[in-house]
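First up is the structure itself, then whatever we jot down about it.
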Amino acid sequence: MARPEIATKTRQIDGLTPDTVRFEDWLEAGEPVIFKGLAAHWPLVEAGRQSAEAAMAYLEGFDGGRPVVVYTGAPEIGGRFFYNDDLTGMNFQAARLQLAEVLGRIRALDGQADAPSIYIGSTDLDTYLPGLRAANDLTHAQPLFQSWPPIASIWMGNRTTAAAHWDMSNNIACCAVGRRRFTLFPPDQVHNLYPGPLEPTPGGQVVTMVDLRDPDFERFPRARKAFEAAQLAELEPGDVLLYPALWWHEVEALDPFNAMINYWWNAVPGFMDTPMNTLLHALLSLRDRPGAEKQAWRTMFDHYVFGPAERAGEHLPEHARGALGPMDDTKARRLRAQLLQRLNR
C-alpha cells in the first residue's frame, strides 16, 4: 500500500531571529518545532535560491581538499539507503572522493530520470569546509552553546532518503539548499517501529525495518500505531527544525541537489558515558534473566538511576555517598576503572 497520511504537522514558529530564539526554552517542551526562515539570511541559502549550480559553486569555494565519504546507490533503491534484501550487507557502496568530483557527478545527473542516488552523510563542517560556518551559523548568539559546544555537520546529495533512526543528541537541522521532509516519531514508538540490527547499520544508528514509503502492515502490524503518533515536518530552504534526542526521524531530500547543516549537542558534562554502552551492557547482564528477576532489577534501576538523582544517597553522610553523590570527573574515572575490572574477568 502507499504511505499512510500523517495528520499531525510539526508546529511552526514565525518571526524569530538567531538573536532572539533560545533553543533550550523550546527544547523543554519535548516536541519538535520548525522555525520558519531562521537561516534564510545565510549566504548558502541565498545561493541555493539562485540555482543548484550557484549553491555548489559556493560550497566548492570552501573545499578544504580532504576527500569526503560518499555513498552511492543504484537507481533501483529509489534513494533509500538501507540493507540489501537478505540483510547480509547494504544496498549502496561507500568511497572517498574529492568534494568537487562528487558535486560534478550530481551536476551530470541533473534531469536524469533513473539517476543513481548520491549521498554525503554527516561530514564535519570545520574540518572539510573550513570557513563555511563563519558565514552560515546559528550558534554564535546562543549562550547555551558556550557551555555545550555542538557538533556541526553538513549533509549533501541528490534525491535521497535516510531511513528512520534515532540519535543520542538533540538536533537542530537547517535546511539550506533544496526541500527536505522529516517524518518524526516520539521515542515511545520504538516497539512499533521494528528496529533493525544493532550492527551493522546503514549510517551508524539503528534504523526501522519498516519502509515508510510503502509499509507492509502484514509483516509489521504495529507500524500503524507508529504512524498514528507521527509528525510531518516539511522544510523549505532557510527553515530550521529542532527536535529532542531519541526522536526517530526519516529524512527525505526532495530536489536534484540538497544541502543541510545540523548541530548535535547534549547538555551533559563530558565525563558522562553514553547511555548506549549501558544498553549494551544490560543486554549482556539483564535481558535473559528470569522475568521476576528483571522486574526486581527494574525497581532497582528506578531507585538508583531513573528517580531523583539525589534520592539514593540522601540518607547517607556526604563522605559516605561515593558514586551515589553528585557525579564529577574523579568519580566517573573511578566508576570506569571498576567497570573495566569487572568486565575483564
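Please treat every number below as a calculation from the coordinates, not as lab data. Keep in mind the model is a prediction, meaning the values are calculated, not measured. With ideal geometry, Cβ positions are generated from the backbone for all residues, glycine too; neighbour counts draw on all protein chains shown.
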For the chain, built as a Gaussian network whose Cα springs stay under 10 Å, the top-fluctuating residue of N258, N171, N192: N192
For helix 291-301, report the angle its Cα long axis makes with the longest principal axis of the Cα atoms of the chain; keep it between 0 and 90° and round to the nearest 10°. 90
Stretch gain in nm, segment L286-A135, where the contour uses 0.36 nm per residue and the Cα spacing is subtracted: 49.4 nm
Footprinting exposure proxy for E252, E293 (fewest neighbouring C-beta atoms within 10 Å first): E293, E252
The chain - percent relative contact order, Cα under 8 Å, separation 6 or more: 22
Top of M168, M276, M90 by mean-square fluctuation, Gaussian network on the chain, Cα under 10 Å: M276
Label-point gap, in nm, between T17 and N344 - each point 7 angstrom along Cα→Cβ: 5.6
Within the range 137-190, report the trypsin sites (Lys or Arg not before Pro) that DSSP leaves as loop and that have at most 15 other Cβ atoms within 10 Å. R179
Within 10 Å of each residue's Cβ, count the other Cβ atoms and sort I13, I6 from fewest upward. I13, I6
Let me know the shape class of the range 191-345, please: from the alpha-carbon gyration tensor, a ≥ b ≥ c as square roots of the eigenvalues, rounded when a/c is under 1.5, otherwise prolate if a/b is greater than b/c, or oblate. prolate
Separation of the D329 and D273 label points, Cα + 7 Å toward Cβ, nm: 1.9
Need the list of lysines near K36 for cross-linking: C-alpha distance under 19 angstrom, and skip anything on the same chain fewer than eight residues off. K9
H315-K36 pseudo-label distance in nm [points 7 Å out on the Cα-to-Cβ vector]: 5.5
Once you sort the root eigenvalues of the Cα gyration tensor of the range 275-343 as a ≥ b ≥ c, which label holds: rounded (a/c under 1.5), prolate (a/b larger than b/c) or oblate (the other case)? oblate
Given the rule -39500 (n - 2.57) for each run of at least 4 DSSP H residues, summed and divided by the residues of the chain, what is its mean residue ellipticity at 222 nm, to the nearest 500 deg cm²/dmol? -7000 deg cm²/dmol
Distance from the Cα centre of the range 283-343 to that of the range 121-151, in angstrom? 35
Which FRET efficiency, nearest 0.05, do M300 and L246 yield, Cβ-Cβ r, R0 35 Å? 0.95
Just to be sure I understand: with springs between alpha-carbon atoms less than 10 Å apart, which residue in R224, R133, R334 has the highest mean-square fluctuation in the Gaussian network model of the chain? R334
Pull out the extension gain between R105 and D188, defined as 0.36 nm times the separation in residues minus the alpha carbon to alpha carbon distance; nm, one decimal. 25.9 nm
For the chain, just say rounded, prolate or oblate: build the C-alpha gyration tensor, square-root its eigenvalues into a ≥ b ≥ c, call rounded for a/c under 1.5, and beyond that prolate if a/b exceeds b/c, oblate if not. prolate
Towards the positive end of the charge dipole of the range 198-345, with charges on Cβ (+1 Lys, Arg; -1 Asp, Glu), say which of G322, A226, N266 has the farthest Cα. G322
Give, as ranges by residue number, the residues of the range 173-208 whose backbone N falls under 19 Å from the point 7 Å along Cα→Cβ of E5. 182-184
Quick one: Cα centre-to-centre distance for the range 84-111 and the range 184-202, in angstrom? 25
